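Asker: I'd like to ask you about the structure that follows.
The values are calculated or read from the model by the stated rules, or taken from the named source; none is laboratory data. Model, not experiment: these values are computed from the prediction. Because the Cβ atoms are built from the backbone with ideal geometry, glycine has one as well, and the counts that use them run over all protein chains shown. Note: accessible area is taken over every heavy atom of the protein model, side chains too, but ligands, DNA and RNA are not part of it. Shrake-Rupley method; radii C 1.70, N 1.55, O 1.52, S 1.80 Å.
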Amino acid sequence: MRIHLEAAGPEDIPQWVALRGAVSEGLAKHFGEGYWCFRSTEKGAAFQLRQGGVYVARWRGGLVAALRLSKRKPWAIDRSFFSTSRLPFYLTDMTVAPRYQRKGLGRQCIEEARRIAVAAGADAICLDAYDCAAGAGPFYAKCGFREVGRTVYRGAPLVYFERQL
């Protein structure tokens with residue numbers, strides 16, 4: 001399966017919310033309830049869509065992956081941990097449909113995000129992941145990101161990663 005990320009539109013909101021809900025349920029089932037189990041709403045997704053940088057991957061008429069890629073620094077990111085970059089992009093809220101996980105789709109999303117960021121002039125992609133068994137840190141390391149720090153933000157242990165472009 002080969003995917004391509006494209007900008008999301010308002011028509012994608014219901015499927016995006018359902019996708020995030022399915023991922024959250026899977027994490028809760030496997031790791032128990034925790035800060036990694038977020039409940040998305042259509043109102044919240046519409047707000048995020050208005051902020052820009054939401055990309056989706058479709059397969060056979062449905063959303064199989066989604067992520068947010070933005071120049072705007074997320075609230076949980078502390079820039080002091082990262083290298084000095086002229087224009088870093090931030091990767092947040094990456095989700096891959098449970099039935100397509102561990103099949104290379106996440107890695108394709110990372111490479112698509114890199115392509116989008118480079119085309120927009122970015123020189124790095126920065127992100128945070130939960131520093132726990134439910135976190136995606138090992139996945140990001142396999143995708144070429146390097147760990148640059150750890151912190152606790154609002155009770156959630158985080159590990160910061162960056163990838164120079």
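Asker: Of all accessible surface on the chain at a 1.4 Å probe, what whole percent is carbon and sulfur?
Answerer: Of all accessible area on the chain, carbon and sulfur atoms account for 52 percent.
Asker: Sorted by accessible area with a 1.4 angstrom probe, largest first, how do His4, His30 fall?
Answerer: So, going from the largest accessible area down, we get His30, His4.
Asker: Now a separate question. Subtracting the Cα-Cα distance from 0.36 nm times the residue separation, let me have the gained length for Asp123 to Trp59 in nm, one decimal.
Answerer: Full-extension gain reported as 20.1 nm.
Asker: Hey, another quick one. Quick one: how many lysine pairs does the chain have with C-alpha atoms less than 25 Å apart and a gap of 8 or more or different chains? Give me the count, please.
Answerer: Lysine pair count for the chain: 7.
Asker: OK, next. Pulled fully out, how much extra length does the chain show between Gln164 and Ser70, if you take 0.36 nm times their separation in residues and subtract their Cα-Cα distance?
Answerer: Full-extension gain reported as 32.3 nm.
Asker: Still on this model: Starting from the 7 Å offset along Cα-to-Cβ, what nm value, one decimal, do you get for the label separation of Phe38 and Arg107?
Answerer: 2.6
Asker: In Å and on Cα atoms, what radius of gyration and Dmax does segment 9-165 show?
Answerer: Using the Cα atoms of segment 9-165, the pair Rg, Dmax is 14.9, 42 Å.
Asker: Work out the FRET efficiency for Thr151 and His30 from their Cβ-Cβ distance, taking R0 = 25 Å, and round it to the nearest 0.05.
Answerer: 0.50
Asker: Between Ser80 and Glu6, how high is the FRET efficiency from 1/(1 + (r/R0)^6) when r is the Cβ-Cβ distance and R₀ = 30 Å? Nearest 0.05.
Answerer: 0.30
Asker: Okay, moving on. Order Ser80, Ser85, most accessible first, counting only protein heavy atoms with a 1.4 angstrom probe.
Answerer: Correct descending sequence by accessible area is Ser80, Ser85.
Asker: Return the calculated 222 nm mean residue ellipticity for the chain, to the nearest 500 deg cm²/dmol, obtained by summing -39500 (n - 2.57) across DSSP H runs with n ≥ 4 and dividing by the residue count.
Answerer: -9500 deg cm²/dmol
Asker: Something else now. Per residue, what accessible area does the chain have, given a 1.4 Å probe and all protein chains present, in Å²?
Answerer: That works out to 54 Å² for each residue.
Asker: Shifting gears a bit: Mind ranking 12-18, 130-136 by how tightly packed they are, going by the mean number of other C-beta atoms within 10 angstrom, highest first?
Answerer: Sorting 12-18, 130-136 by mean packing, highest first, produces 12-18, 130-136.
Asker: Sorting Lys73, Lys142 by accessible area (1.4 Å probe), largest first, what list results?
Answerer: Lys142, Lys73
Asker: In µm²/s, what is D for segment 106-165 at 4 °C and 1.567 mPa s, where D = kT/(6 pi eta Rh) by Stokes-Einstein and Rh is the Kirkwood radius from Cα pairs?
Answerer: 108
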